[in-house]
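Visitor: The following block contains the structure, expressed as structure tokens.
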2 protein chains.
Amino acid sequence: MYSYDLSGGNKYMTLYKGLRGDILGGKLRAGQKLPGKRTLARDLGVSVVTVQTAYEQLLAEGYIRSEERRGYFVCAADMAVNERPPTIPVAKEERREYAADFVGGSTPAELFPFSSWAKLMRGVLTDCGEHLLERVPAAGDGELRCALSDYLYRARGIWADPSLIVIGAGAEQLYDIIVRLVGRDRLYGIENPGYSTIRRSYASAGARCVPLPVGAEGMDCKAALSSGADVLHISPAHQFPTGAVMPVTARAKLISYADGRDGYIVEDDYDSEFRLVGKPLQPAYALCPDRVIYVNTFSKTLAPSMRMGYMVLPRGLAGRYFELFGDASSSVPLFEQRALARMIAGGTFERHISRLRNYYRGVREVLLSKLGELACPHSVCENGAGLHFTVKFPSASDGEIKSRALAAGINLRCLSDYLIAPREDCARTAVINYSGITLDRARALDLKNI
Amino acid sequence: MYSYDLSGGNKYMTLYKGLRGDILGGKLRAGQKLPGKRTLARDLGVSVVTVQTAYEQLLAEGYIRSEERRGYFVCAADMAVNERPPTIPVAKEERREYAADFVGGSTPAELFPFSSWAKLMRGVLTDCGEHLLERVPAAGDGELRCALSDYLYRARGIWADPSLIVIGAGAEQLYDIIVRLVGRDRLYGIENPGYSTIRRSYASAGARCVPLPVGAEGMDCKAALSSGADVLHISPAHQFPTGAVMPVTARAKLISYADGRDGYIVEDDYDSEFRLVGKPLQPAYALCPDRVIYVNTFSKTLAPSMRMGYMVLPRGLAGRYFELFGDASSSVPLFEQRALARMIAGGTFERHISRLRNYYRGVREVLLSKLGELACPHSVCENGAGLHFTVKFPSASDGEIKSRALAAGINLRCLSDYLIAPREDCARTAVINYSGITLDRARALDLKNI
């Protein structure tokens, strides 16, 4: 007992650890009296200060207690300490290489204006210096909100006051805020088929969800109007995965429905920048800024890893936002916000989008012309918008479509894979999401054996 | 009209911007016909391709439309829906200057190792380049998780496998994830008094909360054990605002209580790095890694604007985490994660903490010695931990304490200001949170007239 080797290193730490180990291991039992400081110091051949420091640490952590004029007593029952197991490396994600991947859909890294971005970041670091450490208001950096307001006016034709704009760390965080603002007790109508992450985000935020069918003109109005949903999440510019574009009349119907029950439209404008034919459609937000929450991110225009998105709140919800989150801080680093603000205000962002748009126009043309040569019966459904379209193969099952594609090195999903609730009428249709396809890949694609 | 100076730079872009400006400014009205491409090219002395490219850009963005064999027409009519009011500047937060602010508590900017940080960021930008655009797993960058695992072992004596570590954008996001993992239907016990943001975060995440009294040894065990709470949120190393340190016996009791009802302890280790006397106390996590969720952030050690925190999950919850969030991406930019990983792995972080600790030790000494000279009756309650302590003024009301401080230019709050549910026994006690106080400010403080 009390035979610790304190010859090397930090003596008090070694003694502290030795005593702690003996307490945790049960060698020293609860209630047992420890030797006096002087006695132990003499026995171990160390100074009284060393023993005292070790005792004080044990005292502070509550392993022992001190009783006046009586000494120190063990007060911990047995607790197993954590021994260090061998290091388990963090698993790297495995990714299969495909000739073409129509599922993943990350913008090819070579398209990202990396040198401009790095230059902007270096500039922000130099110019803003320690200001980058200041607290950022919950809704985001003022400079970025002003730049976005100007951008939305130039590019989307809507006027969104900077004070109504909220910056968030990606779409999921924004949906989460929406649920907190509008209420968990209300019913949220979600597009079916649609991105499963949307449904999951709402559900994970604690919202009750109802799937609503998407037809050729986007979310089915009849179904929506009789659903009892208070909030309708739609992507009118270009729905994923159907590619449907919602006409202005349908938008107006849904808005007036939401208005009638004090509800909201969440307008998910995720790929509106990629209208490749004709003019960008005006967002539904323009029709009724009091009932539409406009949401967009930079996942498609910059990179999915650019964890930033923004929304424009109706005035009523903006007030509630400041009530709930006014004291909080933005969850996006000021650094990225400021660099993005400069990218947008300086015109780099729009030049980049326009370059991307031309690039994808090329990819789309190549894909459409290759599909035109396909021997098997098929029909392309394409609205000149966004970075995906669908192809119906009337004589093949979903399983056959995917396995034939896979045999040619092509990864794709069918409409039915994006169903969030069962539907019979979505079969035999492949979804061609080409946002992750380079021009070279598209040109090299061999569809002969399909 | 149409008199653009295209002599320098990118001609088509200048023309495009000129036309766009005139459309937005109303000089070119909706429905108005634009001059033919050849005519305009001749008038401006540029090539037809330049004009065509500018027109195509305007066309793509929807500023003009083309009618076959008739030419180009301005179509900005839909954009007028939303007239642009004069820009309203985003309000800057007003902050009163105090001789000393014991409420705000942001680490003074001058203490942040900004030049090291900027150097690390520049290095990451150069070394990682386009890899920074890759998708980051929901739980965070592997490099950062490994660096944190090593750090936790070195600095806190706990072994946390990197696969159990989750990086989040600040504490609020982590609490939110905890609620999603453990369940909204369970009851969360919160320290009273405590940070109001903790209670608000849980409530906003949809959790049911019960306030539990904090005494001299942290959260009251008796109250906790009879509360029915399934999850107990505690800060055993140093509770805010009481300054209580929880002895190991009490920790063990709470853990065994949580274990008995398949619940969890959330260990909020927010300022454990600032144990200013003796060594840091071992976290409760070490006692039972299967029942304790360890949470910490960089708000105190680096800067509150560094929106990053992390938690170590028990194995059971880690599985559930990957089920729920496996497909999602981290909400923290890879850039910051990588820079922080290097800061920790390279030792800069620990050197910085040790410098900070010495610095605050100085601030604490100055404050304690100044308080020692106070004429009015008072008693300091201080545990040598963290960056705050309390002072009881038995003969003054809370209102008197604050107004007398304010008259001397000092902003402070009382224990009762941090109550999240009423308690009678927290009166007459000032909270001295000195994390935002520089040494100069502390020395200049004049307490004579209090």
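Read-outs throughout are calculated quantities, based only on the coordinates presented, and are distinct from any laboratory measurement. Predicted model, so just to flag it, every value in this text is computed and none were measured. So basically every Cβ, Gly included, is an ideal-geometry build from the backbone, and we count neighbours across all protein chains shown.
Visitor: If each of A:ALA30 and B:LEU374 carries a label point 7 Å out from its Cα toward its Cβ, how far apart are those two points in nm?
Guide: Placing both labels 7 Å along Cα→Cβ, they lie 3.8 nm apart.
Visitor: To continue, here is another question. Assuming a ≥ b ≥ c are the square roots of the Cα gyration tensor eigenvalues, decide whether the protein assembly as shown counts as rounded (a/c under 1.5), prolate (otherwise, with a/b larger than b/c) or oblate.
Guide: Since a/c reaches 1.5 and a/b is larger than b/c, the shape of the protein assembly as shown is classed as prolate.
Visitor: In Å and from the alpha-carbon atoms only, list the Rg and Dmax of region A:305-425.
Guide: When restricted to Cα atoms, region A:305-425 yields Rg and Dmax of 21.6, 62 Å.
Visitor: May I ask for the percentage of alpha-carbon pairs in region A:105-216 that lie more than 19 Å from each other?
Guide: 66
Visitor: Can you tell me the Rg and Dmax of region A:276-368, counting just the alpha carbons, in angstroms?
Guide: Computed over the Cα atoms of region A:276-368, radius of gyration and Dmax are 16.7, 52 Å.
Visitor: For the pair B:ALA345 and A:MET13, what calculated FRET efficiency results from E = 1/(1 + (r/R0)^6), where r is the Cβ-Cβ distance and R0 = 22 Å, to the nearest 0.05?
Guide: Plugging the Cβ-Cβ distance into 1/(1 + (r/R0)^6) gives 0.40.
Visitor: Something else: Which far-off residues, 5 or more places away or on another chain, put their amide H under 5 Å from the one on B:LEU232, with H placed in the peptide plane?
Guide: Residues meeting the criterion, in which the H sits 1.01 Å from N, are B:GLY189, B:TYR264, B:ILE265, B:VAL266.
Visitor: Using only the Cα atoms, work out Rg/Rh for region B:26-75, with Rh taken as the Kirkwood radius, to two decimals.
Guide: Reported Rg/Rh, Kirkwood definition of Rh: 0.95.
Visitor: Counting residues in region B:200-247 as N, plug N into 2.2 N^0.38 Å and put the Cα Rg over that result.
Guide: 1.17
Visitor: In square nanometres and to one decimal, what's the mean projected area of the convex hull around the Cα atoms of region B:97-162?
Guide: Average projection, Cα convex hull of region B:97-162: 7.6 nm².
Visitor: Could you please state, rounded to a whole Å, how far the C-alpha centre of region A:415-431 is from the C-alpha centre of region B:171-221?
Guide: 42
Visitor: Counting other Cβ atoms within 10 Å, which GluC sites (Glu not before Pro) in region B:348-450 have at most 15 and lie in a DSSP loop?
Guide: B:GLU373, B:GLU424
Visitor: Could you pull out every residue, at least 5 positions away or on a different chain, whose amide H is within less than 5 Å of the one on A:ARG413? Hs are placed 1.01 Å off N in the peptide plane, and Pro or chain starts have none.
Guide: So A:ARG413 has HN proximity to A:VAL431.
Visitor: Determine the equivalent ellipsoid of chain B by diagonalising the alpha-carbon gyration tensor, then write out the semi-axes as square roots of 5 times the eigenvalues, largest first, rounded to whole Å.
Guide: Working through the eigenvalues yields semi-axes of 55, 29, 23 Å.
Visitor: May I ask you to list the aspartates and glutamates whose Cα is less than 19 Å away from that of A:LYS27, ignoring any residue fewer than eight positions away on the same chain?
Guide: Those aspartates and glutamates meeting the cut-off are A:ASP5, A:ASP43, A:GLU61, A:ASP78, A:GLU83.
Visitor: Setting aside same-chain residues fewer than 8 positions from A:LYS392, which lysines have a Cα under 30 Å from its Cα?
Guide: Once the sequence-local lysines are set aside, what remains near A:LYS392 is A:LYS222, A:LYS253, A:LYS279, A:LYS300, A:LYS370, A:LYS402, A:LYS448.
Visitor: Shifting gears a bit: Pick from A:SER66, A:SER106, A:SER227 the residue whose mean-square fluctuation is largest in a GNM of chain A, springs joining Cα atoms under 10 Å.
Guide: Ranking A:SER66, A:SER106, A:SER227 by mean-square fluctuation puts A:SER66 first.
Visitor: Going by Cα centres, region A:315-345 and region B:274-314 are how many Å apart?
Guide: 27
Visitor: Oh, and also: List the residues whose amide H sits under 5 Å from the amide H of B:HIS388, counting only those 5 or more places along or on another chain, with H placed 1.01 Å from N in the peptide plane.
Guide: Residues meeting the amide H criterion: B:TYR434.
Visitor: Would you kindly derive the ³J(HN,Hα) couplings of region B:113-123 from the backbone phi angles with the Karplus curve 6.51 cos²θ - 1.76 cosθ + 1.60 (θ = phi - 60°), listing them in order in whole Hz, with x for Gly and Pro?
Guide: Karplus-based 3J(HN,Hα) across region B:113-123 equals x, 5, 5, 4, 4, 4, 5, 4, 5, 4, x Hz.
Visitor: What lysines could a cross-link reach from B:LYS119, if we take a straight Cα to Cα line under 17 Å and drop same-chain neighbours fewer than 8 places away?
Guide: Counting by Cα, and skipping residues close in sequence, B:LYS119 has these lysines nearby: A:LYS119.
Visitor: Given points 7 Å out from each Cα along the Cα-Cβ axis, report the B:ARG96 to A:TYR2 separation in nanometres with one decimal.
Guide: It works out to 5.8 nm between the two label points.
Visitor: From the backbone phi of region A:3-10, what are the Karplus-calculated ³J(HN,Hα) couplings (6.51 cos²θ - 1.76 cosθ + 1.60, θ = phi - 60°) in whole Hz, Gly and Pro given as x?
Guide: Coupling constants for region A:3-10: 10, 9, 8, 9, 6, x, x, 7 Hz.
Visitor: Pairwise over distinct Cα atoms, reciprocal of the mean inverse distance: report the Kirkwood radius of region B:150-271 in Å, one decimal place.
Guide: 14.8
Visitor: Here's another thing I want to ask about it. Sort all Cα-Cα distances of region A:230-329 into consecutive 5 angstrom bins from zero, then give the percent of pairs in each bin up to the one containing the longest distance.
Guide: In whole percents, the pair-distance histogram is 2, 12, 21, 22, 18, 14, 7, 3, 0.
Visitor: Further question: Roughly how many Å is it from the Cα centre of region B:5-35 to that of region A:1-33, as a whole number?
Guide: 82
Visitor: In a Gaussian network model over chain A where Cα atoms closer than 10 Å are linked, find which of A:LEU419, A:LEU24, A:LEU254 has the largest mean-square fluctuation.
Guide: Result: A:LEU24 has the largest fluctuation of those listed.
Visitor: Which ³J(HN,Hα) values in Hz, rounded to whole numbers, follow from the phi angles of region B:371-382 under the Karplus curve 6.51 cos²θ - 1.76 cosθ + 1.60, where θ = phi - 60° and Gly and Pro get x?
Guide: 5, x, 8, 4, 6, 6, x, 6, 9, 8, 10, 8
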